[in-house]
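One structure is given below, encoded as structure tokens.
The values are calculated or read from the model by the stated rules, or taken from the named source; none is laboratory data. None of the values given here were measured: they were computed from a predicted structure. All Cβ positions, glycine included, derive from the backbone under ideal geometry; neighbour counts span all protein chains shown.
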Amino acid sequence: MPDFKLIYTDIINEKFPEKINDPLIRNKLNALNTAVDVLKFNILVFGESEYPILFKNQRLRSYDEASIREILNYQSKNKLTNTETGNHFKISRNTIARWRSFFKS
């Protein structure tokens, strides 16, 4: 797994030096363990992406087992459909269905 702490520290130092002293960003930077954590941190640093950029970036995402289980637990806890969960996490509903059948949550 890449060292996301080092990667994001370099990006923040280069592009957003005013954000490096923000305690929220510092705490989140130290807790980048799963793919979901990285995605949330990315939104915190860069903000929401525009649709065309988001669409292209979605194709390149990969999720570890802990992130998948977190997403499926979120779905079952909030009693969401695959479509609603997919819209929330910006994932295909078919991907959610495939994960559900694979992990039997």
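One line per residue, one yes/no per condition, for (1) surrounded by 11 or more Cβ atoms within 10 Å (Cβ to Cβ); (2) in contact with a Leu (Cβ under 7 Å, 6 or more places away or on another chain); (3) at pLDDT 90 or above:
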| position | (1), (2), (3) |
| --- | --- |
| D10 | no, no, yes |
| L39 | yes, no, no |
| G47 | no, no, no |
| N87 | yes, no, no |
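Residues in segment 59-83 that are modelled with pLDDT under 80 and either surrounded by 14 or more Cβ atoms within 10 Å (Cβ to Cβ) or among the basic types (K, R) (or both): 2 in all.
Do we find that L54 is among the hydrophobic types (A, V, I, L, M, F, W, C), at pLDDT below 85 and farther than 22 Å from F103 by Cα in this structure?
So L54 passes the test.
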